[in-house]
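The values are calculated or read from the model by the stated rules, or taken from the named source; none is laboratory data. Source: prediction; values computed, not measured. Methodologically, a virtual Cβ is constructed for each residue, glycine included, from the backbone with ideal geometry; neighbour enumeration extends over all protein chains shown.
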Amino acid sequence: MSRQKCANCGLVNFASAAECGRCAAPLGATWAVAAGAASEALEAHAAGEEVLKEGKRRRGLLTRAAAVLCATAAALLLCHGSLLWTSQAATVEQRIEVRRAVDIIERGGFKREAFLLGRVTSFRTSDNWWNNYMGHEEAYASTNFPFEVVTLYYDFFNYPVDDVERAVILLHEARHLAGAGEEDALVAVWRDKARLGWTKEKYGRTRVWKNVSEFTRRNAPRLFACGPDGQQDCYE
């Protein structure tokens, strides 16, 4: 009669025995099944540990990303605050003038620009440390993007003949507030100037018209390539 030797303790058992008489370990096929089950359990455990490790790695990456975002936001807030601390705020009377010009921009259909100027922008009347550091050409206004700070200079309040011309200047700055470069801002304003009521017929002899047209012609000459001589305003 054949015998079954226990793989666990070495006892020789009867062939018909299902488990070892000494240690009660499964014998034969039963032992193999149990061993297979144990092996699968070990593999599942290892897979579970790998999933946990991967989860920890992802959480670590998310934590580092969140830390970087928080640090960046804090730096931006600090920089924005420094621009305000090192410059002078517009007075109540000056803000009223700005509000009238923004209303003209909104009535002209420039909803986004009016929102940026009316709800987001901080208006100052003296250069902050960044403007002083970078320097700039003589201008009616300047913008610090992406901090949404607009500095309005003496010329802005004194040289435009009315609120329409101040609206033209602010529309230019609104393009910068949205991230546009100088040429794009000039092109957009010159192309759409009639929507504000700013036309050559009404304002062609003003100082602002002369300044803006000369600067636009110099930076975007394609806007003045119309007419018989190829040198006329394409939007008049």
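Worth a mention:
- Taking the listed residues 54, 49, 40, 19, the one that is at pLDDT below 70, charged (D, E, K, R) and surrounded by 10 or more Cβ atoms within 10 Å (Cβ to Cβ) is 40, with no other qualifying.
- In segment 104-114, the residues that are in a helix (DSSP H, G or I) and surrounded by 15 or more Cβ atoms within 10 Å (Cβ to Cβ): 104, 105, 106, 113, 114
- Here segment 120-173 is the region considered, the condition is being of a type in the set (D, E, K, R) and surrounded by fewer than 16 Cβ atoms within 10 Å (Cβ to Cβ), and the residue that is farthest from the chain's Cα centre (by Cα) is 138.
- Any hit, segment 207-221, residues being touching a helix residue (DSSP H, G or I) at 6+ places or on another chain (Cβ under 9 Å), among the hydroxyl-bearing types (Ser, Thr, Tyr), surrounded by 13 or more Cβ atoms within 10 Å (Cβ to Cβ) and over 16 Å from residue 173 (Cβ atoms): yes
- Selection status of residue 183, outside any loop (DSSP other than H, G, I, E, B) and in contact (Cβ under 8 Å) with a residue 12 or more places away in the chain: yes
- Selection within segment 119-176 - touching a strand residue (DSSP E or B) at 6+ places or on another chain (Cβ under 7 Å), among the hydrophobic types (A, V, I, L, M, F, W, C) and not in a helix (DSSP H, G or I): 123, 141, 149, 150, 152
- The set of residues in segment 193-203 being more than 16 Å from residue 224 (Cβ to Cβ) and under 31 Å from the mean Cα position of the chain (by Cα) consists of 195, 196.
- Entry remark, segment 50-103: residues being in a helix (DSSP H, G or I), of a type outside the set (A, V, I, L, M, F, W, C) and closer than 28 Å to residue 122 by Cβ number 11 in total.
- Just one of the listed residues (205, 222) is within 17 Å of residue 163 (Cα to Cα) and without any contact (Cβ under 8 Å) to a residue 24 or more places away in the chain, and it is 205.
- Meets criteria (out of contact with any Leu (no Cβ under 6 Å at 6 or more places or on another chain), more than 28 Å from residue 193 (Cα to Cα) and surrounded by fewer than 20 Cβ atoms within 10 Å (Cβ to Cβ)) for residue 80: yes
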